[in-house]
Amino acid sequence: MLNIPNSLTLLRIAAIPGIVIALDYSHFGLAFALFIAAGVTDSLDGAIARMMKTRTELGAYLDPLADKGLVLTLLISLASLGKVPEWVVTIIVTRDVVCLGGYSLLFFLTGEQMEVRPSWTGKLATFLQITGIGGALLLLWQPQLDLAVIDQILLQSAAIVTAFAGSEYVLRGLQWYQTRPD
């Protein structure tokens with residue numbers, strides 16, 4: 001169902017290539033502005049869906065897909081520009097691949113869908129990732145700002161918290177698999 005929240009999520013997905021193209025052509029202010037706009041749509045889609053009671057199954061899948069697409073694409077792009085340490089990208093991408101692969105494996109083995117709920121640690125990891133990406137984009141646009149050390153701490157913290165969150169999700173999946181009836 002294509003309602004207002006889902007349309008906003010699709011706009012966020014559409015912004016991803018725009019941000020990368022802006023980065024490729026050194027239009028850092030535009031990249032930062034598009035990133036902020038994507039963040040606004042992320043806030044609005046959930047608020048509108050709750051307020052108007054228009055949550056859909058499509059939206060439940062599209063929203064995290066948009067978030068992951070935005071975060072992973074920008075982390076890789078910013079790493080190629082030397083603004084994000086490659087080890088940070090490796091940890092975050094690995095966590096997402098392991099979680100998606102594990103979920104798919106559990107579904108393949110059981111034929112059942114495991115309920116996926118973000119943990120407090122997972123939400124903190126996402127917040128740190130997005131804040132670190134926003135900081136890196138801001139520093140590309142406004143390099144005179146003396147925030148590089150803070151941004152690197154944010155990005156490194158994001159990687160560490162992401163690793164912990166990934167471990168939580170793996171343990172949650174294993175517990176679910178072991179406790180389900182045969």
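The values are calculated or read from the model by the stated rules, or taken from the named source; none is laboratory data. No experiment lies behind these values; they were computed from the predicted model shown. We place every Cβ from the backbone using ideal geometry, glycine too, and count neighbours over all the protein chains shown.
Observations on the model:
- Which numbered condition R180 fails, given (1) touching a residue at least 60 places away in the same chain (Cβ under 8 Å); (2) surrounded by 13 or more Cβ atoms within 10 Å (Cβ to Cβ); (3) not aromatic (F, W, Y): (2)
- Check on D42, over 24 Å from S167 (Cα atoms), modelled with pLDDT under 95, in a helix (DSSP H, G or I) and under 15 Å from the mean Cα position of the chain (by Cα): yes
- Residue in the stretch 94-110 that is within 20 Å of F35 (Cβ to Cβ), crowded, with 20+ Cβ neighbours inside 10 Å and of a type in the set (D, E) present: no
- Checklist (1) modelled with pLDDT under 95; (2) within 19 Å of the chain's Cα centre (by Cα) applied to M51, failing item: (2)
- Residues within the stretch 73-124 that are among the aliphatic types (A, V, I, L, M) and either closer than 30 Å to D182 by Cβ or in a loop (DSSP other than H, G, I, E, B) (or both), tallied: 10
- Residue check for R172: more than 30 Å from D24 (Cβ to Cβ), basic (K, R), over 14 Å from the mean Cα position of the chain (by Cα) and loosely packed, with under 12 Cβ neighbours inside 10 Å: no
- Check on Y61, surrounded by fewer than 16 Cβ atoms within 10 Å (Cβ to Cβ), modelled with pLDDT of 95 or more, of a type in the set (S, T, Y) and farther than 19 Å from S167 by Cα: no
- Among the conditions (1) over 25 Å from L34 (Cα atoms); (2) touching a helix residue (DSSP H, G or I) at 6+ places or on another chain (Cβ under 7 Å); (3) touching a residue at least 24 places away in the same chain (Cβ under 8 Å); (4) among the polar types (S, T, N, Q), the only one that S157 does not satisfy is (1).
- Test: residue in the stretch 63-70 that is in a helix (DSSP H, G or I), out of contact with any strand residue (DSSP E or B) (no Cβ under 6 Å at 6 or more places or on another chain), more than 23 Å from G18 (Cβ to Cβ) and not aromatic (F, W, Y): no
- The single condition among (1) surrounded by 15 or more Cβ atoms within 10 Å (Cβ to Cβ); (2) under 15 Å from G134 (Cβ atoms); (3) without any contact (Cβ under 8 Å) to a residue 12 or more places away in the chain; (4) of a type in the set (G, A, S) that S77 does not meet is (3).
- Only one of A49, A37 that is in a helix (DSSP H, G or I) and out of contact with any helix residue (DSSP H, G or I) (no Cβ under 6 Å at 6 or more places or on another chain): A37
- Residues that are more than 17 Å from K68 (Cα to Cα), of a type in the set (G, A, S) and surrounded by 20 or more Cβ atoms within 10 Å (Cβ to Cβ), drawn from the stretch 115-152: G135, A136
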